[in-house]
1. Looking for whichever is surrounded by 12 or more Cβ atoms within 10 Å (Cβ to Cβ) and more than 16 Å from ligand 1 (Cβ to nearest atom) here; the options are 25, 74. Which one fits?
2. Under the condition of being open to solvent by less than 80 Å² (accessible area, probe 1.4 Å), in contact (Cβ under 8 Å) with a residue 60 or more places away in the chain and among the charged types (D, E, K, R), which residue from region 37-67 is nearest to ligand 2 (Cβ to nearest atom)?
3. With the checklist (1) within 15 Å of ligand 2 (Cβ to nearest atom); (2) crowded, with 16+ Cβ neighbours inside 10 Å; (3) of a type outside the set (Asp, Glu); (4) under 12 Å from residue 96 (Cβ atoms) in hand, flag the one item residue 34 doesn't pass.
4. Among the residues of region 4-20, which ones are over 13 Å from the mean Cα position of the chain (by Cα), surrounded by 12 or more Cβ atoms within 10 Å (Cβ to Cβ) and near ligand 1 (Cβ under 8 Å from one of its atoms)?
5. How about region 1-19: which of its residues are more than 16 Å from ligand 2 (Cβ to nearest atom), without any contact (Cβ under 8 Å) to a residue 24 or more places away in the chain and either in contact with a Leu (Cβ under 9 Å, 6 or more places away or on another chain) or not β-branched (Val, Ile, Thr) (or both)?
6. Out of (1) touching a strand residue (DSSP E or B) at 6+ places or on another chain (Cβ under 9 Å); (2) within 16 Å of ligand 2 (Cβ to nearest atom); (3) open to solvent by 40 Å² or more (accessible area, probe 1.4 Å), the odd one out for residue 90 is which?
7. Residue 80 passes all but one of (1) under 16 Å from residue 102 (Cα atoms); (2) open to solvent by 90 Å² or more (accessible area, probe 1.4 Å); (3) not in a loop (DSSP other than H, G, I, E, B); which number fails?
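The values are calculated or read from the model by the stated rules, or taken from the named source; none is laboratory data. Here the structure is a predicted model, which means the values were calculated and not measured. Neighbour counts run over all protein chains shown; Cβ positions are idealised from the backbone, glycine included. Keep in mind that these areas ignore ligands, DNA and RNA; they rest on the heavy atoms of the full protein, side chains included. Shrake-Rupley method; radii C 1.70, N 1.55, O 1.52, S 1.80 Å.
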Amino acid sequence: MDCPRCMDPMIVLELKRVEIDYCPECGGIWLDEGELEMLLEDSDEKNSVLQSLIVAGDVKEEVRRCPVCSKSMEKVLCGKGEKKILIDRCKKMHGLWFDKGELDDVLRMGSIDKKGLTVNLLKDMFSKTI
Ligand SMILES: [Zn+2]
Ligand SMILES: [Zn+2]
């Protein structure tokens with residue numbers, strides 16, 4: 001699969017038995033449909049993060065194309081309160097695109113992943129691959 005941002009091939013990393021596509025060029029991450037759910041700890045926060053996804057209105061950020069169907073993706077906001085993270089979602093629900101650092105932010109949100117396990121794992125993996 002090619003990175004929706006730089007069009008370079010992404011590499012597959014395994015995180016908590018979930019296969020994620022990672023672009024070493026820009027640090028972005030592609031999650032197939034349902035994979036975010038698998039990465040989040042089972043908790044109330046998980047549901048609140050998943051339910052918080054809303055389509056963003058007028059956004060200046062560049063439109064990216066889904067690496068699966070090549071159609072332009074929509075911008076969605078994730079999170080509640082002050083801090084919202086803008087991510088890209090395929091309208092056909094093939095998956096979600098996170099620019100560098102955004103997945104990290106989502107996983108930290110609302111004290112999910114309290115032990116920072118996922119964040120540390122990601123850091124560890126990426127420091128090895130870069
Ligand atoms: Zn890239
Ligand atoms: Zn798609």
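1. Of the residues listed, the single one that is surrounded by 12 or more Cβ atoms within 10 Å (Cβ to Cβ) and more than 16 Å from ligand 1 (Cβ to nearest atom) is 74.
2. The residue in question is 64.
3. (2)
4. 5, 6, 8, 10
5. Listed by number, the residues that qualify are 6, 8, 9, 14, 17, 18, 19.
6. (3)
7. (3)
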